[in-house]
1. I need the full set of residues from region 97-120 which are touching a Phe, Trp or Tyr at 6+ places or on another chain (Cβ under 6 Å) and touching a residue at least 24 places away in the same chain (Cβ under 8 Å), in order please.
2. Would you tally the residues in region 91-120 being modelled with pLDDT of 80 or more and not in a strand (DSSP E or B)?
Amino acid sequence: MSACLLIAGKPLMLATAAFTLSWTHSVERTEWRESWRLADNGLQLVEASVRGSGAGMEPGENARLIDGWWVWRIETAPVRELVLAASGATTGGWRLCHSQGCLEIGRAAGEPVHIRLCTQ
């Protein structure tokens, strides 16, 4: 299974079954991470973690403090698509990491970045 990352309408193929998204909260300046896996019917969020807490950054139910990170499992239905804002007004973009490496997306102001499963 592959995932498509659409940047300015151009797909980037990722040959991986999982990826992580991380970013710095625009107000609290605290790092947030999400672990995603590819499911048959979309993208499945499986775990989230945040280094600290603050406005809009409360750890999830049953969170455990591990090496300075609040970590918790997520049990929600898969989503068809992720839409990430690219305002250019934050300290950085989104960092997407997968088995082949990492890349930064949405750092500069522009159209939202779409992440979804590729259809073949």
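The values are calculated or read from the model by the stated rules, or taken from the named source; none is laboratory data. Since this is a predicted model, take the numbers as computed values, not measurements. For neighbour counting, all protein chains shown are included, and Cβ atoms are generated from backbone atoms with ideal geometry for every residue, glycine included.
1. Scanning region 97-120 gives His98, Ile105.
2. Result for region 91-120: 4.
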